[in-house]
Each structure stands twice: as structure tokens, then as C-alpha cells.
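The values are calculated or read from the model by the stated rules, or taken from the named source; none is laboratory data. Nothing here was measured: the structure is a model prediction, and the numbers come from that model. Counting neighbours? That spans all protein chains shown, and the Cβs are built from the backbone with ideal geometry, glycine included.
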Amino acid sequence: MIVAEQRNGIPFLDLVTPHIELEDQLVAVLRRTLSTAAFIGGPMVEDFEEAYALYCGTRYCIGVGSGTDALRFALLAVGIKEGDAVITVSNTFIATAEAISQTGAQPVFVEVNESTCNIDPQKLQEFLESECHIDVYGDLITRQGLRVKAVVPVHLFGQPADMDPILELAERYKLKVIEDACQAHGASYFSKKQGCWRKAGSMGHAAAFSFYPGKNLGACGEAGAVTTNDEDVACTIRMLRDHGQERKYYHRLVGYNGRLDALQAGFLKVKLPYLEQWNQRRRGAAQWYSDRFASDADRVRVIRELPNVSSVYHLYVVCVSDRDKLRKHLASLDIGTGIHYPVPLHLQEAYKQLGYKRGDFPVTENLASTIVSLPMGPRLRLEQQERVADAVLDLR
Ligand SMILES: *Cc1c(COP(=O)(O)O)cnc(C)c1O
């Protein structure tokens with residue numbers, strides 16, 4: 001039996017407790033895998049893919065090696081290539097932009113909305129209308145001469161981006177939409193245009209999920225998936241993840257080794273039935289924090305949840321002007337925190353060749369210096385939340 005280490009502090013994320021609770025089922029997956037030696041591919045992968053597609057409300061789910069693989073394969077499968085530009089935000093984890101770069105395309109950033117931290121559809125529209133022109137072939141061209149082919153909205157912290165206006169702009173400008181749903185397993189968005197709720201991962205041409213252990217649905221190692229309703233995209237991704245093979249040793253494309261590990265698929269299948277309940281607990285905890293911080297709204301700004309979305313609070317983030325002092329204070333009380341993310345992508349050394357400078361995205365830059373992620377997870381207890389909130393509100 002696994003036993004959690006006894007400690008009085010509050011971890012930023014408690015990954016141990018959920019695994020203790022599911023220990024027997026997880027060990028059974030390992031035993032079954034050892035007895036069949038079906039380590040790569042096979043029924044465990046297919047079972048999980050089927051279950052996850054059903055959960056997301058998409059026709060297909062293709063298991064891959066990581067969220068980054070999922071983004072890269074989805075972009076390649078919709079035809080993104082060298083000389084293309086793909087629009088996304090600077091306010092995200094670097095994998096979003098890395099995947100774009102790895103297709104040979106160039107990431108182009110637009111500003112986020114201050115209250116949701118997600119892509120600002122107004123800024124996207126301004127970029128498309130005033131920073132690009134349409135050439136004689138009907139392609140949308142940036143000032144640097146790149147063809148704008150796709151947009152990658154990131155559902156940051158578990159809150160879906162405002163997809164109605166994004167999808168409308170994408171349709172108008174013939175852009176592919178690849179959702180970065182790596183933080184948004186089970187989140188949903190009420191489309192006013194379609195008059196119905198849509199799950200994150202079912203709204204674009206394809207979507208990428210990460211099952212990195214700390215995500216809302218996490219493997220016990222590396223894993224990811226693409227969801228899509230497009231049969232051709234699904235087919236291409238199945239080849240891309242497996243060396244471009246159509247069948248064994250017949251290679252249609254130059255592909256990758258990016259398959260979903262069977263053991264991880266088995267673990268994910270065990271965890272998937274609990275995801276709804278875990279997300280509900282996260283939502284409850286987030287609501288509790290937000291109610292509590294409303295008493296000091298001038299000093300502690302909470303991230304706004306749009307009225308037509310249901311966030312799954314992968315992270316619970318607040319903005320404070322004395323962020324570093326607050327983090328030190330919480331650390332002194334053994335309360336874990338994080339910053340997601342301290343350096344916006346347009347200011348990262350790895351992306352200096354893109355030519356952006358400080359001041360290009362003031363909202364993003366301001367967020368980077370004021371955000372702090374507080375302890376959050378399905379096993380966070382009320383008594384722990386009270387200690388965190390008291391510590392945040394007591395600091396003067
Ligand atoms: C985690 C994450 C990724 C990458 O997922 P990996 O499985 O670590 O490759 C991409 N985008 C966002 C927004 C993420 O949070």
C-alpha cells in the first residue's frame with residue numbers, strides 16, 4: 001500500500017492522494033499489461049480513445065505521446081507548413097508556440113483579455129483587419145510576407161476561450177482552428193451562435209489535450225491526445241504518430257514516434273470516470289476562493305469566468321501588485337504556489353528572432369508580473385483553503 005508522506009504544509013498540487021485512492025485499479029492495469037505484453041498500441045489504447053472521444057463529444061480521439069505531440073500533429077494534419085503564420089497568444093505555456101515552430105510555421109502573437117487571460121477576439125480581429133492583406137491568390141498575408149493559416153486559441157487555466165467570435169473570424173478568413181485544450185479537460189462553452197453547450201476540444205477543426213500528470217486528467221507519465229470530427233485529420237494523425245505508416249513498413253509520410261503508451265492509456269481509462277467529479281470539486285473550491293477574495297477585491301483580483309462558460313480550474317489564479325512578497329509570505333507558512341507563466345513567450349530568449357520587444361503586449365506583460373496560482377485540486381480541503389485565504393488576506 002502507498003502511504004502519503006505526512007506533512008502540515010499545503011502543497012500547490014496534491015498528486016499523491018488521488019493515486020492512493022485508485023491504487024488497486026491502477027496496479028491491476030500494470031498486471032494486465034505485464035500478462036499480455038501489449039505495451040504499444042492494442043486494446044487499452046483503443047478503449048481509452050473511444051471513451052475520451054465520447055466524453056469530449058467528438059467522432060475521433062487519437063492518443064499520442066504528449067500534449068506537445070498533439071499540437072504538432074494537429075497543425076501538420078490540417079496542412080500547416082513552412083512559410084505559414086499561425087496566430088496564438090504570448091500568454092501561454094511555451095509548448096503552444098513550439099509546436100507551431102516545429103511545423104516550420106511562425107507563431108504570431110495577439111493580446112489577451114485582461115479579465116479572462118484568454119485570447120481577446122477583438123484584438124484578433126484588429127490583427128486580421130489591419131496587420132494583414134489579401135494577395136492575388138486570396139491568401140491572407142502578414143507584413144512579413146507569411147500566409148496566415150491557422151489560429152490556436154488556448155483554454156488557459158481551464159477556461160474555454162471565447163470561441164463564437166474566434167470561429168466566425170476563422171470562417172471569414174479561411175483559417176483552421178486548433179484548440180489548445182491541454183488545461184481544459186471537461187470544460188464547456190455555451191455557443192450562442194449554435195444555441196448549445198460544447199465541450200472544450202470539440203469546437204475547432206482539431207484540439208490538443210495533454211495528460212501530463214498534473215493536468216485535470218493526468219497519466220502516470222507522459223501522454224496526450226488529439227480530438228477531431230474530421231476523418232482525414234484523424235487518419236493523418238494516426239500515421240504521423242507512427243512513423244507515417246499506413247500499414248506496417250509502408251510509409252506514406254515522414255512521421256514521428258509519437259504514440260500513446262498502452263500503460264498510460266490504461267491508467268487514463270481508470271481515471272476518466274472520476275474526471276467530472278474532480279472538476280466539480282475544483283469548481284467548488286474556486287467558487288469558495290472567489291467569494292472569499294471578494295472582500296478585498298481592490299487588492300486581490302480574481303480571474304473572471306465568462307457567463308457562458310464552465311471552467312474546470314486547472315489552476316486558480318489571482319492577480320496582486322505585491323506578488324513576490326505574497327509568494328514569500330505563503331512559502332513561509334509552507335503553502336505552495338506557482339506562476340503560470342513568469343515570462344511571456346514574446347520575451348523568451350528562444351523567441352528573440354521573432355523580433356518582439358517589451359511593451360508589445362502590455363496586458364500579457366502585466367499579468368506575468370502580478371499573477372500567482374494558489375493551491376488547487378480535487379482533494380483540496382476546506383480547512384486548507386481557509387488557511388490559504390487567511391494568509392492571502394492577512395498580508396498587508
Ligand atoms: C501542458 C501544456 C501543453 C503541453 O503538454 P505536454 O503534455 O507537457 O507536452 C501545451 N499547452 C498548454 C497550455 C499546456 O498547459
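Looking across the stretch 65-88, the residues that are within 9 Å of the ligand (Cβ to nearest atom) and not in a helix (DSSP H, G or I) come down to Gly65, Ser66.
Please count how many residues of the stretch 42-64 are in contact with a strand residue (DSSP E or B) (Cβ under 7 Å, 6 or more places away or on another chain) and either away from the ligand (no atom under 16 Å from the Cβ) or not assigned by TED's automatic domain parsing to the domain that holds Ile178 (or both). Residues that pass the stated criteria total 7.
Take the residues of the stretch 200-235 that are hydroxyl-bearing (Ser, Thr, Tyr) and buried (at least 24 other Cβ atoms within 10 Å of the Cβ): which is farthest from the ligand (Cβ to nearest atom)?
Initially, the stretch 200-235 is screened for residues hydroxyl-bearing (Ser, Thr, Tyr), giving 202, 210, 212, 227-228.
Subsequent filtering for residues that are buried (at least 24 other Cβ atoms within 10 Å of the Cβ) retains 210, 227-228.
On the way: Ser210: 3, Thr227: 14, Thr228: 17 Å.
Per the criteria, the residue is Thr228.
One residue stands out in the stretch 116-163 among those that are hydrophobic (A, V, I, L, M, F, W, C) and in a loop (DSSP other than H, G, I, E, B): the one that is nearest to Thr68 (Cα to Cα), namely Val152. When only residues in the stretch 89-102 that are assigned to a loop (DSSP other than H, G, I, E, B) and surrounded by 24 or more Cβ atoms within 10 Å (Cβ to Cβ) count, which is farthest from the ligand (Cβ to nearest atom)? So the residue we want is Ser90. Just to be sure before I move on: is Ala37 out of contact with any strand residue (DSSP E or B) (no Cβ under 6 Å at 6 or more places or on another chain) and modelled with pLDDT under 95 in the structure I sent? So Ala37 fits the description; yes. Among the residues of the stretch 1-19, just one is at pLDDT 95 or above and over 24 Å from the mean Cα position of the chain (by Cα), namely Ile10. Highlighted here are the helices (runs of 4 or more DSSP H) found entirely within the stretch 246-334 that include at least 1 residues which are exposed (fewer than 14 other Cβ atoms within 10 Å of the Cβ): 275-293, 323-332.
Could you tell me which residue of the stretch 58-77 is farthest from Ile94 (Cα to Cα), considering only residues that are of a type in the set (S, T, N, Q) and touching an Asp or Glu at 6+ places or on another chain (Cβ under 9 Å)? If you could, list the steps in order and put the result at the bottom.
Restricting attention to the stretch 58-77, the residues satisfying the condition of being of a type in the set (S, T, N, Q) are 58, 66, 68.
Those still in the list that are touching an Asp or Glu at 6+ places or on another chain (Cβ under 9 Å) too: 66, 68.
Values: Ser66: 14, Thr68: 10 Å.
Residue satisfying both the conditions and the ranking: Ser66.
So in the stretch 133-143, with the set limited to residues that are without any contact (Cβ under 8 Å) to a residue 40 or more places away in the chain and of a type outside the set (A, V, I, L, M), which one is surrounded by the most Cβ atoms within 10 Å (Cβ to Cβ)?
The extreme case among them is Asp139.
Screening Tyr189, Tyr173 for residues that are over 19 Å from Leu71 (Cβ atoms) and either crowded, with 24+ Cβ neighbours inside 10 Å or in contact with a Gly (Cβ under 9 Å, 6 or more places away or on another chain) (or both) leaves exactly one candidate, Tyr189. For Leu345, the criteria (1) surrounded by fewer than 20 Cβ atoms within 10 Å (Cβ to Cβ); (2) under 18 Å from the mean Cα position of the chain (by Cα) hold in every case but one, which is (1). I'd like the full set of residues that are buried (at least 18 other Cβ atoms within 10 Å of the Cβ) and touching a Lys or Arg at 6+ places or on another chain (Cβ under 9 Å), limited to the stretch 118-132. Answer for the stretch 118-132, where residues must be buried (at least 18 other Cβ atoms within 10 Å of the Cβ) and touching a Lys or Arg at 6+ places or on another chain (Cβ under 9 Å): Leu128, Cys132.
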